[in-house]
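For reference, the structure is listed below as structure tokens.
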Amino acid sequence: MDTSTMIKNGHHHNHHQVNTAKRRRRIRVWCDGCYDMVHYGHSNQLRQAKAMGDYLIVGVHTDSEISKHKGPPVFTQEERYKMVRAIKWVDEVVQGAPYVTTLETLDKYNCDFCVHGDDITLTVDGKDTYEEVKKSGRYRECKRTQGVSTTDLVGRMLLMTKAHHSNIVSITRFSLYELRSEYKAKLLLSAVLGHFRLSGVDLVCHGKTEIYPDKDGSDPYAEPRRKGILRTVDSGNSLTTDAIVQRIIKNRLLFEARNQKKEAKEIAVIQAMKRQEEEKTKERAQAVL
Ligand code: CTP
């Protein structure tokens, strides 16, 4: 049997191999980004990055860096740091990481390599922000999650009126699985109540926000109220989906411009890549002749 297969499967290794594996240095992985309106595309990226090593450090850009390169973020840097820290695959957050990823940054945090989704990130001057780390072989790619992006969420919110907010709640909502356990322990999603009988549940918690009746006018908490197990908890944070929509509406023009700029940049890069590909094919065809 091939020895590499044996080691991979974790069977039949001798003492020497076990000791080498134990002594193996922990692989430190670096990710960076805006992480604005944190969504499951971001947490999926961080999950894949963590799986490529042992310790995950995430650099989050400041508001001014993001404004300079792609337009204003919806969430403030303090909010974005907190949201990234809440994702269970993240071991450390570096606040105010530079927009362009350099070897100097990787070395400063003792990281082996960085991981980014398979999309294009450009500076304000149209340069690939990962050029340097790519050239030196300290760049790894993970799969970008299709169908969700900050740009798309902002776009959808721009189209929305107050009456349609419930749609936004469902697109921004996190899977509880992705949150750190200390957050999970404090949480019981009220939204699922309608679908569960409350057997085995000791306590049902709702934040300090108003409780809206269901579509048929009934109280969504009727059952826990009847059982006397409904409690109000203070999240210590007054942010609501409404407030997020308000931020976007207030800055509508800036966000529209940001979205258009990003789309135009991406189209330009895709066209340039296509042209390069076509030229290469032509060259290859000529070489054959
Ligand atoms: N990412 C991903 N899947 C998505 C969105 C983002 O894998 N659907 C990854 C990006 O590739 C990057 C990281 O998440 O490695 C952080 O992305 P961010 O800097 O927030 O920027 P964008 O990719 O520009 O985010 P968006 O398109 O959502 O504005």
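R80 fulfils the conditions (1) within 26 Å of S235 (Cβ to Cβ); (2) within 13 Å of the ligand (Cβ to nearest atom); (3) modelled with pLDDT under 95 except for a single criterion, (3). Scanning segment 244-266 for residues that are open to solvent by less than 20 Å² (accessible area, probe 1.4 Å) and within 13 Å of the ligand (Cβ to nearest atom) yields a count of 3.
For segment 63-77: of the residues being crowded, with 19+ Cβ neighbours inside 10 Å and more than 15 Å from T123 (Cβ to Cβ), which is farthest from the ligand (Cβ to nearest atom)? I'd like the intermediate steps shown before the answer.
First pass over segment 63-77, keeping only residues crowded, with 19+ Cβ neighbours inside 10 Å: 66, 70-71, 73-75, 77.
Filter once more, keeping what is more than 15 Å from T123 (Cβ to Cβ): 73-75, 77.
On the way: P73: 9, V74: 10, F75: 11, Q77: 13 Å.
Only one residue fits best here, namely Q77.
For residues that are at pLDDT below 85 and more than 30 Å from R85 (Cβ to Cβ), scanning just segment 196-234, find the one that is most open to solvent (accessible area, probe 1.4 Å). Ranking the qualifying residues of segment 196-234, first place goes to R197.
Just to verify a result, which residue in segment 120-162, among those that are assigned to a strand (DSSP E or B) and open to solvent by 50 Å² or more (accessible area, probe 1.4 Å), is nearest to the ligand (Cβ to nearest atom)? Quick ask: steps written out before the conclusion?
Quick first cut of segment 120-162, residues assigned to a strand (DSSP E or B) only: 122, 128, 139-142.
Subsequent filtering for residues that are open to solvent by 50 Å² or more (accessible area, probe 1.4 Å) retains 140-141.
Numbers: R140: 11, E141: 9 Å.
Restricting to residues being assigned to a strand (DSSP E or B) and open to solvent by 50 Å² or more (accessible area, probe 1.4 Å), the top hit is E141.
Selection over segment 95-119 of residues that are in a loop (DSSP other than H, G, I, E, B), among the aromatic types (F, W, Y) and within 14 Å of the ligand (Cβ to nearest atom) gives a count of 1. What do you reckon, is V38 under 13 Å from the mean Cα position of the chain (by Cα), of a type in the set (A, V, I, L, M, F, W, C) and modelled with pLDDT under 95? Judged against the criteria, V38 is a match. Being modelled with pLDDT of 95 or more and away from the ligand (no atom under 14 Å from the Cβ) is not true of S43.
I'd like to check something: does segment 203-226 contain any residue that is small (G, A, S), in a loop (DSSP other than H, G, I, E, B) and within 23 Å of T76 (Cα to Cα)?
Restricting attention to segment 203-226, the residues satisfying the condition of being small (G, A, S) are 207, 217-218, 222.
Imposing the further condition that a residue be in a loop (DSSP other than H, G, I, E, B) reduces the set to 207, 217-218.
Going one step further and asking which of them are within 23 Å of T76 (Cα to Cα), we end up with 207.
Among the residues of segment 203-226, at least one is small (G, A, S), in a loop (DSSP other than H, G, I, E, B) and within 23 Å of T76 (Cα to Cα), which makes the answer yes.
What about L56, is it open to solvent by less than 20 Å² (accessible area, probe 1.4 Å), under 30 Å from M273 (Cα atoms) and not in a loop (DSSP other than H, G, I, E, B)? No, not satisfied.
The values are calculated or read from the model by the stated rules, or taken from the named source; none is laboratory data. This one's a predicted model, so the numbers in the text were calculated from it and none came from an experiment. Note that we place each Cβ from the backbone using ideal geometry, even for glycine, and neighbour counts take in every protein chain shown. Remember, those area values only see protein heavy atoms, side chains included, never the ligands or the DNA or RNA. Shrake-Rupley method; radii C 1.70, N 1.55, O 1.52, S 1.80 Å.
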